[in-house]
1. Taking the conditions exactly as written (surrounded by fewer than 15 Cβ atoms within 10 Å (Cβ to Cβ), on the phi < 0 side of the Ramachandran plot and in a helix (DSSP H, G or I)), does LYS11 satisfy them or not?
2. Just name the residue that is most open to solvent (accessible area, probe 1.4 Å) out of those in region 69-113 that are polar (S, T, N, Q) and not in a helix (DSSP H, G or I).
3. Tally the residues that are in contact with a Ser or Thr (Cβ under 7 Å, 6 or more places away or on another chain) and open to solvent by 70 Å² or more (accessible area, probe 1.4 Å), restricting the search to region 39-68.
4. Which residue, of TYR29, TYR50, is of a type outside the set (Val, Ile, Thr), over 12 Å from LEU79 (Cβ atoms) and under 12 Å from the mean Cα position of the chain (by Cα)?
5. Which of (1) open to solvent by less than 40 Å² (accessible area, probe 1.4 Å); (2) touching a helix residue (DSSP H, G or I) at 6+ places or on another chain (Cβ under 6 Å); (3) not hydroxyl-bearing (Ser, Thr, Tyr) is the odd one out, the single condition ASN30 does not satisfy?
6. Between residues in region 37-49 that are without any contact (Cβ under 8 Å) to a residue 60 or more places away in the chain and residues that are in a loop (DSSP other than H, G, I, E, B) and among the β-branched types (Val, Ile, Thr), which pairs lie under 9 Å by C-beta distance while being six or more apart or on different chains?
7. If you check every pair at least six apart or on different chains, which have Cβ atoms under 9 Å apart with a residue in region 79-108 that is polar (S, T, N, Q) first and a residue that is part of a strand (DSSP E or B) and open to solvent by less than 50 Å² (accessible area, probe 1.4 Å) second?
8. When you scan region 31-67, how many residues do you find that are in a loop (DSSP other than H, G, I, E, B) and either modelled with pLDDT under 80 or among the hydrophobic types (A, V, I, L, M, F, W, C) (or both)?
Amino acid sequence: MDTTRQQKIAKLIQKELAEIFLHDGLSIYNCMITVTKTTVTKDLSIARAYLSIFKAPNNDVDAVMKAVRSNTKDIRFRLGQTVHNQLRIIPQLEFFVDDSLDYIENIEKLLKQ
């Protein structure tokens, strides 16, 4: 169970990451990226962001995730520039694919059969 502070920091990071990906999505990654969920560890040192990727070139989500992970330092730096007044230490970022939409779509398809 997350503390109130963890939840507030997770929401702040989610909002700011969403802005970064909104700005960079099409120009750098050639697709639209949304941040669906963010969690922060108890010691606030690691933030895990779950990304939903739309219109990836050739539907290659893995390539987009590889590009995002290789840009993690830059993303963390830009995050730090926007939240440095609210957070003393900017957490390390970890990115994961949020495949819950695919899972829901698959369940709906199975129910229609």
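The values are calculated or read from the model by the stated rules, or taken from the named source; none is laboratory data. These numbers were taken from a predicted model, which means no experiment stands behind them. Glycine also receives a Cβ, built like all others from the backbone with ideal geometry; neighbour counts cover every protein chain displayed. Heavy atoms of the whole protein, side chains included, go into the accessibility calculation; ligands, DNA and RNA do not. Shrake-Rupley method; radii C 1.70, N 1.55, O 1.52, S 1.80 Å.
1. yes
2. Only one residue tops the list, namely GLN113.
3. 1
4. TYR50
5. Among (1) open to solvent by less than 40 Å² (accessible area, probe 1.4 Å); (2) touching a helix residue (DSSP H, G or I) at 6+ places or on another chain (Cβ under 6 Å); (3) not hydroxyl-bearing (Ser, Thr, Tyr), ASN30 violates only (1).
6. From region 37-49, the pairs are LYS42/THR3; LEU44/ILE89; SER45/ILE89; ALA47/THR41; ALA47/ILE90; ARG48/THR41.
7. Close Cβ pairs (under 9 Å, with a partner that is part of a strand (DSSP E or B) and open to solvent by less than 50 Å² (accessible area, probe 1.4 Å)) amount to GLN92/ILE46; GLN92/ALA47; SER100/SER52.
8. Residues meeting the conditions: 5.
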